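Take a look at the structure below.
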Amino acid sequence: MIREDQFIPHLIVNDGKAALKFYKEVFDAEEGDSMMEPNGTRLMHGEIVLEGHKLFLSDEFSEKEGGTCRMPQTLGGTSVRITLETSNADAIVERAVARGARVIMPLQDMFWGARYGKIRDPFGHEWGINQQLQERSAEETEAAAAEFFANRQE
């Protein structure tokens, strides 16, 4: 079932067909609608669906072609991190790395009660991979954060 999301991230990439394949395999997602430009070279619109939620993808197009968004390679980085809540962070990171992603923060147990790490996918987008292991109250999280940051400064 596809949910009617209020927010649908739309990633601009440098190889839309490869990106669709990467995200489907890494996130164990389904492919939704897709449309290539008339000459079949670039992806105008692509979708993956993960547990009912959509993610849009397209190749970069110049302003002359109607494109208004840029891929990370054009920008020299990204201004967004997408966080994925998952039940198996290790499996996601393992599949991503096997398909060309780079770990930028190894998975580790974090003060908010999750196993969390960050990857950069082959298309330049940064992902936070979060597996919530336990629910903590605001007070418990605050105390654990104070301890976490105190230990980092030593």
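Condition check: part of a strand (DSSP E or B), of a type outside the set (Lys, Arg), in contact with a Leu (Cβ under 9 Å, 6 or more places away or on another chain) and open to solvent by less than 80 Å² (accessible area, probe 1.4 Å). Does residue 49 satisfy that? Yes, satisfied. All of 147, 142 fail the test of being open to solvent by 40 Å² or more (accessible area, probe 1.4 Å), out of contact with any strand residue (DSSP E or B) (no Cβ under 8 Å at 6 or more places or on another chain) and in contact (Cβ under 8 Å) with a residue 12 or more places away in the chain, apart from 147.
Considering only region 55-80, state which residues are within 21 Å of residue 118 (Cα to Cα) and touching a strand residue (DSSP E or B) at 6+ places or on another chain (Cβ under 6 Å). Those that are within 21 Å of residue 118 (Cα to Cα) and touching a strand residue (DSSP E or B) at 6+ places or on another chain (Cβ under 6 Å): 55, 56, 57, 71, 78.
Evaluating residue 35 against the criteria (1) part of a strand (DSSP E or B); (2) under 22 Å from residue 72 (Cβ atoms); (3) among the hydrophobic types (A, V, I, L, M, F, W, C) leaves one unmet condition, (2).
Does residue 71 fit the bill of being out of contact with any helix residue (DSSP H, G or I) (no Cβ under 9 Å at 6 or more places or on another chain) and closer than 23 Å to residue 5 by Cβ? For residue 71, the condition - out of contact with any helix residue (DSSP H, G or I) (no Cβ under 9 Å at 6 or more places or on another chain) and closer than 23 Å to residue 5 by Cβ - is met.
Residues considered: 60, 126. Of these, the only one that is under 13 Å from the mean Cα position of the chain (by Cα), within 20 Å of residue 9 (Cβ to Cβ) and surrounded by 16 or more Cβ atoms within 10 Å (Cβ to Cβ) is 126. Mind checking whether some residue in region 134-150 is under 18 Å from the mean Cα position of the chain (by Cα) and among the basic types (Lys, Arg)? No, that holds for no residue.
Condition check ((1) loosely packed, with under 14 Cβ neighbours inside 10 Å; (2) in contact (Cβ under 8 Å) with a residue 12 or more places away in the chain; (3) closer than 15 Å to residue 56 by Cβ; (4) β-branched (Val, Ile, Thr)) across all residues:
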residue	(1), (2), (3), (4)
5	yes, yes, yes, no
8	yes, yes, yes, yes
13	no, yes, yes, yes
19	no, yes, yes, no
23	no, yes, yes, no
31	yes, yes, yes, no
35	yes, no, yes, no
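Scanning region 75-113 for residues that are part of a helix (DSSP H, G or I) and either of a type in the set (Asp, Glu) or exposed (fewer than 12 other Cβ atoms within 10 Å of the Cβ) (or both) yields 90, 94, 98.
The values are calculated or read from the model by the stated rules, or taken from the named source; none is laboratory data. As the structure is a computational prediction, the values presented were derived from the model and not from experiment. Positions of Cβ are backbone-derived with ideal geometry, glycine not excepted, and every protein chain shown enters the neighbour counts. Just the protein is used for accessible areas: all its heavy atoms, side chains included, with ligands, DNA and RNA removed. Shrake-Rupley method; radii C 1.70, N 1.55, O 1.52, S 1.80 Å.
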